[in-house]
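> Okay, here's the structure, questions in a sec.
Only the coordinates and a few stated rules stand behind these numbers; no lab work does. Because the structure is a prediction, the values reported are computed rather than measured. Here the Cβ positions follow ideal geometry from the backbone for every residue, glycine too, while neighbour counts run over all protein chains shown.
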Amino acid sequence: MNRLRQRKRPQSTLLICDDDQLRKRVEETEQAAQRARIFTEASPDDEAAAQRAVQAEAAAEQARAELDDASEVLTFLALPREVFEELIAQHPPTETQAEEGAAFNPDTFPAALVSAASFDGMSREEAEELLNSWSAPEANELWEAAWQVQQKSRVELGKG
């Protein structure tokens with residue numbers, strides 16, 4: 001029981017980088033490394049191919065390191081079930097939202113969850129600011145990072 005009690009809560013991260021060229025370079029170097037690995041696996045006796053694969057992987061690692069350095073990272077933790085359920089209860093759907101099948105108020109709950117799950121100490125006001133000022137896809141990514149970690153399971157059912 002001690003080990004079970006001491007488990008760390010699941011977490012997720014959201015990587016934010018405004019440098020499109022750097023993100024594109026990471027994608028390109030990762031694809032090149034994958035192609036080099038595939039070619040090496042198909043030709044295991046080709047020393048030159050093996051060397052190209054090593055170089056391609058090193059280039060991809062370098063590009064990923066540069067992306068990490070140029071990025072902001074937001075970390076979100078899964079809330080204990082009781083805390084999560086209480087947070088949902090604090091943001092009930094309006095009558096109309098409930099009729100549409102909502103389990104919580106989509107106008108107030110997202111910022112509350114982003115703030116509550118933020119490992120970085122983001123306030124509710126800051127979460128609201130980001131959710132309201134970022135583009136729709138970016139705001140959705142922020143919400144998803146906080147929501148998905150609440151749904152994450154690290155438990156597998158064994159074969160009985």
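> Find all pairs meeting these conditions: Cβ atoms under 9 angstrom apart; at least six residues apart or on different chains; first residue within segment 56-80 and within 22 Å of Ala145 (Cα to Cα) and touching a residue at least 12 places away in the same chain (Cβ under 8 Å); second residue outside any strand (DSSP E or B) and of a type in the set (Ser, Thr, Tyr).
Hits for this filter: Arg64/Thr29.
> Right, something else. With (1) over 21 Å from the mean Cα position of the chain (by Cα); (2) surrounded by fewer than 12 Cβ atoms within 10 Å (Cβ to Cβ) as the list, and Arg81 as the residue in question, which single condition is left unmet?
(1)
> Would you pick out the residues in segment 87-124 that are part of a helix (DSSP H, G or I) and closer than 21 Å to Ser12 by Cα? Don't jump to the end; show me each part of the working.
Initial filter on segment 87-124 (part of a helix (DSSP H, G or I)): 87-89, 95-99, 109-117, 124.
Across segment 87-124, the qualifying residues are Leu87, Ile88, Phe109, Pro110, Ala111, Ala112, Leu113, Val114, Ser115, Ala116, Ala117, Arg124.
> If you go through segment 93-105 one residue at a time, do you hit one that is within 21 Å of Cys17 (Cβ to Cβ) and without any contact (Cβ under 8 Å) to a residue 40 or more places away in the chain? If you could, list the steps in order and put the result at the bottom.
Step one: list which residues in segment 93-105 are within 21 Å of Cys17 (Cβ to Cβ), which gives none.
Among the residues of segment 93-105, not one is within 21 Å of Cys17 (Cβ to Cβ) and without any contact (Cβ under 8 Å) to a residue 40 or more places away in the chain, which makes the answer no.
> Are any of the residues in segment 34-54 in a loop (DSSP other than H, G, I, E, B) and among the small types (Gly, Ala, Ser)?
At the first step, the residues of segment 34-54 found to be in a loop (DSSP other than H, G, I, E, B) are 43-46.
After this cut, where a residue has to be among the small types (Gly, Ala, Ser) as well, the list is 43.
Within segment 34-54, one or more residues are in a loop (DSSP other than H, G, I, E, B) and among the small types (Gly, Ala, Ser).
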